[in-house]
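The structure appears below as structure tokens.
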Amino acid sequence: MTPLVEARGIGKYFGPVVALKDISLRVLPGEVHCLLGDNGAGKSTLIKIFSGVFPPDEGELLVEGEPVRFQSPKQAMDRGIATVYQDLAMIPLISIVRNFFLGREPTVGWGPWKRFDLRTAEAIARRALSEIGIEVRDVHQAVGTLSGGERQSVAIARAVHFGAKVLILDEPTSALGVKEAAVVLRYIVEAKKRGVGVVFITHNVHHAWAVGDVFTLLNRGRSMGTFRREETTREAVLQMMAGGEELASLEVELAEIARTKGGEA
Amino acid sequence: MNEAPPSRLRKVSPVRRLMARPEFGSLAGVILVFAFFAVVAGDRGFLTPMGTVNYLEVAAQLGLLASTVSLLMIAGEFDLSVGSMIGAAGMALAIPVAVWGWPMWAGILLAFAFAALFGYLNGYLVVRTGLPSFIVTLASLFVLRGGTLGFTRWITSRTRVSGLHAYAQGDPLSALFSGHPLGVPISIWWWVLLTLVASFVLLKTPFGNWIFGAGGDPRAAHAVGVPVARVKITLFVATAVSAALLAVIQVLDTGSADVLRGELKELEAIAAAVIGGNLLTGGYGSVIGGSLGALLLGMVKQGIFFTGINTDWFKVFLGTLLLAAVLLNDYLRKKALEATR
């Protein structure tokens, strides 16, 4: 199967800082690819390359087997790559339906009478949301009245509706409570069932394990390997996320501190 | 978790819906202020057709600016240079016509072209430098006012160009910006037209949706493909052109241009927009609200005159009104965001 997106030996530098080095990654249709790693591991840099915020300095990006070089997020979107950012998903002060179609408004009329077809927009938004199982009260209410989980869910529904083949989710569950996160995870599975390839970034091993098919671990801009779900265990993933050996050495160190402090007291 | 969740849709009464609209505060204010002056000054001419036209004309002069200033504010930016533009565009019309012998229509076109260019420059600077538009347009406020004064004095050795009525006779373009069609001053017609057009653009077009997006969260809007820079630059052009429109109407009405014309109008326009429920930080507001804000200020300005109170007190009312309106709008907006929870 041709990967929806593929990174081949991607590198990115910010001045002297090596943000990413030699990263290769494939996202297949109907697969949830979890991107794991500590803060500063390069997860955000990598997804920004995927979503067209900036191009890589090295390596190649392929969309459905074809090399691409995105100049803007719009170009990535046009190729079916949609990114839902944790903090940028929705604009709180404007209504759900206006948010849903922001930048892609359906129109009626012609010339100077070409206008935003709010009636159609409303019907589409309502349908798209209910299809993915989101109960909305009123599509004209401000997004600010929705909970964090609902906002993420609406953003995902929007991406799926506009034909996203690849859905990149930047820590969609990290600011959410348990129930809220469950709602978002359900939409991730829903999107996957529709054949969407999902790149899911998270710090939470429970969330990753609940929906992930493939796990790639980044550390200081380098890939620590990619593991399929059947080849690994939840504990191994947890170990990878926590930083493995570093955590082990930290434990030793902490024990040492506790011992010496105990000695002083 | 598997059963269908209960419907959380709640019936909201029409009154509540109206109250949740950004322009509600200014609408209530207009009704209150009208009632107040009708009672206090009703027998002194406030309610007569002449009194009405009188305050509507004052409101129109501000409302012309308030509609575009509202749009720009919803897009998250200010234009403090519109007041200076009134003086500058007036001179851009008057000097070529009175000194260089251009036909009136060419002077009018120059005034608009100059405003559009300057507005573009404002917008371009804001978008490219990423500096707050408050600072950029504060700079252009001074530059434009000073430039107008310097240039006018250099060319004419005066600060005022008058006697323009004679040149307007029979000019094809000046008819559009002067006179009293159906007995109503042209500025009021333009005010209504501009309010309707701007409101239509904001609420009924994709561009209007982009205005909300650009002001609500420019990065989020950009991420979904909204051309935020283009939206903002276009609106800076619109505010400058609306200032030029006001300048042309004033010059044709009074027959003169003055370098000092329009001073502090930028702040009055912002006051009207804020009274109209437009959020200073962008992303929320209404053109109708901004126009109602202008109507409110116009009513107060002329209403005070009718009551016989010294009009020196106008600015006290303006300030108090502004503060009260902001507090009310803030309260209403919070209510609106809670209303459906």
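Modelled this way, with points 7 Å down the Cα-to-C-beta line, the labels at A:Arg229 and A:Arg137 are 3.5 nm from one another. Mind checking the log10 I(q)/I(0) for the stretch A:1-147 at q = 0.16 Å⁻¹? Debye, one equal scatterer per Cα, no solvent, two decimals. Per q value, in the given order, log10 I(q)/I(0) is -1.00.
With the other protein chains left in place, how much accessible area per residue, in square angstrom, belongs to chain A at a 1.4 angstrom probe? Walk me through the intermediate numbers first.
Details: 12260 Å² over 265 residues.
In whole numbers, chain A has 46 Å² accessible per residue.
Computed from the Cβ-Cβ distance with R0 of 25 Å, the FRET efficiency linking B:Ile31 to B:His180 stands at 0.35. Filter the cross-link list A:Lys12/B:Lys232; B:Lys315/B:Lys335; B:Lys232/B:Lys315; A:Lys21/A:Lys48 down to pairs whose alpha-carbon distance in this structure exceeds 22 Å. Cα-Cα > 22 Å for A:Lys12/B:Lys232; B:Lys315/B:Lys335; B:Lys232/B:Lys315; rest within. Residues of the stretch A:130-150 losing 40 Å² or more of accessible surface, assembly versus chain alone, probe 1.4 Å, please list them. In the stretch A:130-150, residues shielded by partner chains: A:Glu135, A:Arg137, A:Thr145. With 50 Å² as the minimum drop in accessible area between chain alone and full protein complex (1.4 Å probe), the qualifying residues in the stretch B:292-339 are B:Leu337. With the simple model of a label 7 Å out from the Cα in the direction of the Cβ, B:Ile135 to A:Val252 spans 5.2 nm. Accessible area per residue for the stretch B:48-336 is 40 Å², calculated with a 1.4 Å probe on protein heavy atoms, without ligands, DNA or RNA. Taking Lys and Arg as +1 and Asp and Glu as -1, the other residues whose beta-carbon sits under 14 Å from that of B:Asp258 total +4.
For B:Lys301, a cut-off of 15 angstrom between C-alpha atoms picks up these aspartates and glutamates, skipping any fewer than 8 places away in its own chain: B:Glu57, B:Glu268, B:Asp312. Along the charge dipole of the protein assembly as shown, which of A:Ala208, B:Leu252, B:Gly101 sits closest to the positive end, that is, farthest toward it, with unit charges on the beta carbon of Lys, Arg, Asp and Glu (+1, +1, -1, -1)? After comparing all options, I get B:Leu252. Taken about its Cα centre, the protein assembly as shown carries a charge dipole of about 1080 debye when Lys and Arg each add +1 at the Cβ and Asp and Glu each add -1 at the Cβ. Just flag the GluC sites (Glu not before Pro) in the stretch A:131-173 sitting in loop per DSSP whose Cβ has no more than 16 other Cβ atoms within 10 Å. Passing sites in the stretch A:131-173 are A:Glu135. Helix B:228-254 and the longest principal axis of the Cα set of chain B meet at an angle near 40°. Share of carbon and sulfur in the accessible area of chain B stands at 70%, probe radius 1.4 Å.
Between A:Arg220 and B:Thr156, the simple spin-label model (points 7 angstrom out along Cα→Cβ) gives 7.2 nm.
To the nearest hundred square angstrom, how large is the accessible surface buried between B and A, total for both chains, probe 1.4 angstrom? Please report the intermediate quantities before stating the final value.
Values: alone 17030 and 13680 Å², together 27900 Å².
Summed over both sides, the interface buries about 2800 Å².
Cα-based radius of gyration for chain B, normalised by 2.2 N^0.38 Å, reads 1.06.
Nonpolar atom fraction for chain A, defined as the carbon and sulfur part of the 1.4 Å probe accessible area, stands at 53 percent. Helices that extend 24 Å or more along their long axis by alpha-carbon positions and average at least 0.0 on the Kyte-Doolittle scale are absent among the DSSP H runs of chain A.
The values are calculated or read from the model by the stated rules, or taken from the named source; none is laboratory data. Since the structure is predicted, the reported quantities are computational estimates derived from the model, not experimental observations. Quick reminder, even Gly has a Cβ in these numbers, built from the backbone with ideal geometry, and neighbours come from all protein chains shown. The accessibility values were calculated without ligands, DNA or RNA, using every heavy atom of the protein model including side chains. Shrake-Rupley method; radii C 1.70, N 1.55, O 1.52, S 1.80 Å.
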